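To start, the structure itself, in structure tokens.
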Amino acid sequence: MILAMAARPIGSGTVSFGMVSIPVKLFSASESKAAVSFNLLHGKCGSRLKQSYTCPKDSETVTRDQMVKGYEFAKDQYVTFTAEELKAMEQEAERAIEITEFVPAAQVDPIYFDGAYYLGPDKGGDKAYHLLVEAMRQTGRSALAKWAARGKQYLVLIRPVQGGLVMQQLLYADEVRSLSEVPLGDAEVKEGELKLAVQLVNQIASDEFRPGQYEDDVRKRMHEAIQKKIEGQEITASVEPPKAQIIDLMEALKASLAKKTEGPKPVAVPDAEDAPRPARRASGR
């Protein structure tokens, strides 16, 4: 039997509101699985290539001790900064996570969500921590707070989950693009189409989110292909047979419903006269 190891804190801080201060520990809430990456090799000998920086003006390779950071304030015009100047400009890291207001949880659109951390009580903070969790749970509100770390001040949302707290980093308003920038077109939704669409939604609806039933199929397939290559096997692309095209929206909805109801039976398609004809193969003559 494999026992799960307790999570290790990555930092500590203090959640404060009013005259109340709660010592907390920060834990990473996620473990990102990196995409499969490949190294660049020399095709001639198979050696891994090294990255280097070259000055286009002097045509020479620049080492790291010769580099400085600069900000482009106009086309090809830069103002440079020393390491000491950059450090002076950065926001000092603070242990305080200062709650500014409590808002209904549903009022914060998930589009603002960024990284997340779990918050756990630090020494002496158990009672105040659980009191805050229960107070937010009963009021249905989450806390907006300010938190400074890694040279930046973050806007965060602290929300109760399963008896504990999650601190969700939020994007600022000027970091989220407006939907008005996206061309949405203009189309009339017919009552019959909407009825079928709602029926299709209800047919594959679920009352709970079960993340465990999903996995990254692409990464899994790539790892399997890489293993085959290591074993000396060839990798060939699998070609899927062309699927019948359903142009009419009503027919597409009906076909989707039929497929879910009947299982692996053939999908209903429009009459042969209406369906697009497959392209003819080029003649060898």
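The values are calculated or read from the model by the stated rules, or taken from the named source; none is laboratory data. Note that this is a predicted model, so its numbers are computed, not measured. Virtual Cβ from ideal backbone geometry, glycine too; neighbours counted across all protein chains shown. Note: areas computed on protein heavy atoms with side chains; ligands, DNA, RNA excluded. Shrake-Rupley method; radii C 1.70, N 1.55, O 1.52, S 1.80 Å.
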Inset, instruction - Within segment 142-157, identify whether any single residue is charged (D, E, K, R), touching a Phe, Trp or Tyr at 6+ places or on another chain (Cβ under 9 Å), closer than 21 Å to Pro23 by Cβ and open to solvent by less than 70 Å² (accessible area, probe 1.4 Å), and answer yes or no. - result: no
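Give the residues of segment 173-211 that are among the basic types (Lys, Arg) and either touching an Asp or Glu at 6+ places or on another chain (Cβ under 6 Å) or outside any loop (DSSP other than H, G, I, E, B) (or both), sorted by residue number. First the steps, then the outcome.
Step one: of segment 173-211, the residues among the basic types (Lys, Arg) are 177, 190, 195, 210.
Once the filter is applied, which keeps residues that are among the basic types (Lys, Arg) and either touching an Asp or Glu at 6+ places or on another chain (Cβ under 6 Å) or outside any loop (DSSP other than H, G, I, E, B) (or both), segment 173-211 yields only Lys195.
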Legend entry - Answer residue from segment 158-172, given it is out of contact with any Phe, Trp or Tyr (no Cβ under 6 Å at 6 or more places or on another chain) and in a loop (DSSP other than H, G, I, E, B) and is least open to solvent (accessible area, probe 1.4 Å) among those: Gly163
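Out of the residues in segment 92-139 meeting the condition of being outside any helix (DSSP H, G or I) and in contact with a Pro (Cβ under 8 Å, 6 or more places away or on another chain), tell me which one is farthest from Arg150 (Cα to Cα). Even if it seems obvious, please write down each step before you answer.
Going through segment 92-139, the residues outside any helix (DSSP H, G or I) turn out to be 92-104, 108-109, 113-125.
In the following step, the residues that additionally are in contact with a Pro (Cβ under 8 Å, 6 or more places away or on another chain) were identified as 120-125.
Numbers: Gly120: 21, Pro121: 22, Asp122: 21, Lys123: 24, Gly124: 27, Gly125: 25 Å.
Filtering segment 92-139 for residues that are outside any helix (DSSP H, G or I) and in contact with a Pro (Cβ under 8 Å, 6 or more places away or on another chain), the one farthest from Arg150 (Cα to Cα) comes out as Gly124.
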Legend entry - Condition check for Asp207: surrounded by 10 or more Cβ atoms within 10 Å (Cβ to Cβ), charged (D, E, K, R), out of contact with any helix residue (DSSP H, G or I) (no Cβ under 8 Å at 6 or more places or on another chain) and at negative phi: no
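Confirm whether Arg219 is of a type in the set (Lys, Arg), within 25 Å of Gly115 (Cα to Cα) and at pLDDT below 85.
Values: of a type in the set (Lys, Arg): yes; within 25 Å of Gly115 (Cα to Cα): yes; at pLDDT below 85: yes.
So Arg219 passes the test.
Table: residues versus (1) under 24 Å from Ala258 (Cβ atoms); (2) without any contact (Cβ under 8 Å) to a residue 40 or more places away in the chain; (3) in contact with a Pro (Cβ under 6 Å, 6 or more places away or on another chain).
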site	(1), (2), (3)
Val166	no, no, no
Gln169	no, no, no
Val176	no, no, no
Asp186	no, yes, no
Val189	yes, yes, no
Ala197	yes, no, no
Leu200	yes, no, no
Ile204	yes, no, no
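Considering only segment 131-141, I want to know if a residue exists there that is polar (S, T, N, Q) and over 23 Å from the mean Cα position of the chain (by Cα). Quick ask: steps written out before the conclusion?
First, pick out the residues of segment 131-141 that are polar (S, T, N, Q): 138-139.
Now restrict to residues that are over 23 Å from the mean Cα position of the chain (by Cα): 138-139.
Looking for residues that are polar (S, T, N, Q) and over 23 Å from the mean Cα position of the chain (by Cα), one finds at least one in segment 131-141, hence yes.
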Legend entry - Every residue from segment 20-41 that is open to solvent by 80 Å² or more (accessible area, probe 1.4 Å), at pLDDT 85 or above and assigned to a loop (DSSP other than H, G, I, E, B): Phe38, Asn39, Leu40
Legend entry - Pick from segment 180-196, criterion touching a helix residue (DSSP H, G or I) at 6+ places or on another chain (Cβ under 9 Å) and of a type in the set (A, V, I, L, M, F, W, C), ranking: least open to solvent (accessible area, probe 1.4 Å): Leu196
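Considering only segment 69-85, I want to know if a residue exists there that is under 23 Å from the mean Cα position of the chain (by Cα) and not in a loop (DSSP other than H, G, I, E, B).
Kept after step one, since they are under 23 Å from the mean Cα position of the chain (by Cα), are these residues of segment 69-85: none.
Looking through segment 69-85, none of the residues is under 23 Å from the mean Cα position of the chain (by Cα) and not in a loop (DSSP other than H, G, I, E, B).
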Inset, instruction - Only one of these is among the β-branched types (Val, Ile, Thr) and within 29 Å of the chain's Cα centre (by Cα): Thr14, Thr54, Thr63. Name it. - result: Thr14
Inset, instruction - Just need a number here: residues in segment 110-139 that are open to solvent by less than 80 Å² (accessible area, probe 1.4 Å) and without any contact (Cβ under 8 Å) to a residue 40 or more places away in the chain. - result: 4
